[in-house]
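**Student:** The structure is given below, and queries will be raised subsequently.
The values are calculated or read from the model by the stated rules, or taken from the named source; none is laboratory data. For clarity, every value in this text was computed on a predicted model and none was experimentally measured. Don't worry about glycine lacking a Cβ; one is built from the backbone with ideal geometry, like all the others, and counts go over all protein chains shown. The protein model used for the area step is the full one, side chains on, heavy atoms only, and it has no ligands, DNA or RNA in it. Shrake-Rupley method; radii C 1.70, N 1.55, O 1.52, S 1.80 Å.
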Amino acid sequence: MKLIRSFFTILSLAALVVSCGNADNDVDFNFNQGELGQGKPVDDCLGLGENELILSIQDQFTTLPGKVSIFFKVSDSNGNPVSGLQANQFTIYEQGRNDDCFNTISTSESQARISPNSQIFRNNTLLVLDLSNSVLSSSLEELKSASISFVNNVMPAQETDSYKMAIYWFDGEDKLHLLNPLSRSKTELIASIDGITKDISSDPSTDLYGAVIKSTNIAENLLKESSNDDVIAAASVVVFTDGTDQASRYTEKAALEKVENADRNISFFSIGLGAEIDADILSQIGKTFSVFAGNKEELETTFNDISFRVSEQASSFYLFEYCSPKRDGSGENNLAIQVKDGNRQGAVQTKFSAKGFTGGCE
């Protein structure tokens, strides 16, 4: 499938960053730096009202004889991902050169559908575990159980190249250790967690800031690799620790700036255990969402909470496709897509070319 990238009128978008407990990095139509998506507010003639849902177009392309495909992310006005939307919740509007305003396109007649996005989308999760001495000596079995639950919750039941996870661990060394490379296999990931033993680490210190910096670098490189393959990507970095940085190899400022300035398609989550953590620092590291367990018995619950958030992120990306009635190949047609979820609605506007469009689209 050849992607026909359409960079149209890009208005102001900017990332909304909300910390600790209710945040995701997403776009707001009041601003636009093109960081996360393309598109613009819909024309006033439609009278759709204020956006409570934000549709951020990641890519769009057309396929003969007449299919229009739009890949986008849906978030609420606070930046929280919106998952589980169905095709019947979307309304399509088109405007050709002879139309004063947009015309509604029947969802059923246009065979509108939410399609699998595996050909154009990759979502990678990096699970980064603190395996310093304090964890290994007091909460290893609980951490292993919680991590296995996390893998089961995040990874889809059906293996796909679109959803992969890698597992790393850190102690006091100036190194982010690889436990399991990027994989789509639950079985492989779980086996690697099961294989963790108390003698895995020989450095009892904690290089938390180094782990944050290194894992962010890995996530950004994964996004670049996907871009080079003409594939859209998102990533999640999930960091677990039971304490503070003790190694002092890297500064708090360097770690937090790394997170703050990271690619906007990377989400950051943190999980803290016990009384020795610095909740404020961990909240800034996990700027998308942070949770804290008071004791090791609560670990699995907190990991499950984070796994739900990570899964929501991945499920808020949609490939929406429909068959357009337009046949005008001499210019561009305006397209608006509206989504309704309960009492909330949102819409985005873009353009597409109907050059070569004929009947027979399926």
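**Student:** From the list GLU297, GLU276, which residue is under 24 Å from LEU140 (Cβ atoms), at pLDDT 95 or above, of a type outside the set (Lys, Arg) and over 27 Å from the mean Cα position of the chain (by Cα)? Steps first, please.
**Tutor:** Values: GLU276 fails: at pLDDT 95 or above.
Matching residue, one of GLU297, GLU276: GLU297.
**Student:** Among VAL259, VAL291, which is under 21 Å from the mean Cα position of the chain (by Cα), under 18 Å from ASN80 (Cβ atoms) and modelled with pLDDT of 95 or more?
**Tutor:** VAL291
**Student:** When you look at SER110, is it farther than 25 Å from TYR163 by Cα and open to solvent by 40 Å² or more (accessible area, probe 1.4 Å), yes or no?
**Tutor:** Judged against the criteria, SER110 is not a match.
**Student:** In the stretch 34-96, which strands (runs of 3 or more DSSP E) lie fully inside it and hold 3 or more residues that are more than 27 Å from SER227 (Cα to Cα) and more than 15 Å from the chain's Cα centre (by Cα)?
**Tutor:** Fully inside the stretch 34-96 and qualifying: 90-95.
**Student:** THR104 - would you say it is in a strand (DSSP E or B) and crowded, with 16+ Cβ neighbours inside 10 Å?
**Tutor:** Answer is no for this residue.
**Student:** Now for a different question. Count, please, the residues in the stretch 214-245 that happen to be closer than 14 Å to ASP161 by Cα and in contact (Cβ under 8 Å) with a residue 40 or more places away in the chain.
**Tutor:** Of the residues in that region, 7 qualify.
**Student:** Please work out which one of (1) closer than 30 Å to GLU276 by Cα; (2) open to solvent by 30 Å² or more (accessible area, probe 1.4 Å) is the condition LEU127 fails and give its number.
**Tutor:** Every listed condition holds for LEU127 apart from (2).
**Student:** Moving on. If you go through the stretch 283-300 one residue at a time, do you hit one that is among the charged types (D, E, K, R), touching a residue at least 12 places away in the same chain (Cβ under 8 Å) and under 28 Å from ASN51 (Cβ atoms)?
**Tutor:** yes
**Student:** Ok, one more. Among the listed residues ALA87, ALA146, which satisfies the condition of being of a type in the set (A, V, I, L, M, F, W, C), over 27 Å from ALA293 (Cβ atoms) and at pLDDT 90 or above?
**Tutor:** None of the others qualify; the one that does is ALA87.
**Student:** Considering every residue within the stretch 223-238, establish whether at least one is open to solvent by 40 Å² or more (accessible area, probe 1.4 Å), under 24 Å from GLU298 (Cβ atoms) and not in a helix (DSSP H, G or I).
**Tutor:** Within the stretch 223-238, not a single residue is open to solvent by 40 Å² or more (accessible area, probe 1.4 Å), under 24 Å from GLU298 (Cβ atoms) and not in a helix (DSSP H, G or I).
Rundown of residues vs (1) polar (S, T, N, Q); (2) surrounded by fewer than 17 Cβ atoms within 10 Å (Cβ to Cβ); (3) in contact with a Gly (Cβ under 8 Å, 6 or more places away or on another chain), yes/no style:
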site	(1), (2), (3)
ILE281	no, no, no
GLY286	no, no, no
PHE289	no, no, yes
ASN295	yes, yes, yes
GLU300	no, no, no
PHE320	no, no, no
CYS323	no, no, yes
SER330	yes, yes, no
ASN333	yes, no, yes
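**Student:** Another question, if that's okay. Charged (D, E, K, R) and at pLDDT 90 or above - does that describe any residue in the stretch 12-32?
**Tutor:** Scanning the stretch 12-32, I find no residue that is charged (D, E, K, R) and at pLDDT 90 or above, so the answer is no.
**Student:** Residues in the stretch 304-314: is at least one open to solvent by 50 Å² or more (accessible area, probe 1.4 Å), within 25 Å of the chain's Cα centre (by Cα) and without any contact (Cβ under 8 Å) to a residue 40 or more places away in the chain?
**Tutor:** yes
**Student:** Report yes if some residue within the stretch 249-260 is farther than 30 Å from PHE317 by Cα, hydrophobic (A, V, I, L, M, F, W, C) and out of contact with any helix residue (DSSP H, G or I) (no Cβ under 6 Å at 6 or more places or on another chain); otherwise report no.
**Tutor:** Yes; the residues of the stretch 249-260 include at least one that is farther than 30 Å from PHE317 by Cα, hydrophobic (A, V, I, L, M, F, W, C) and out of contact with any helix residue (DSSP H, G or I) (no Cβ under 6 Å at 6 or more places or on another chain).
**Student:** Output the residues belonging to the stretch 118-142 that are more than 18 Å from PHE303 (Cα to Cα) and in contact with an Asp or Glu (Cβ under 8 Å, 6 or more places away or on another chain).
**Tutor:** Here is the first cut: in the stretch 118-142, the ones more than 18 Å from PHE303 (Cα to Cα) are 118-123, 132-134, 137.
Scanning the stretch 118-142 gives SER118, ILE120, ARG122, SER132, ASN133, SER134.
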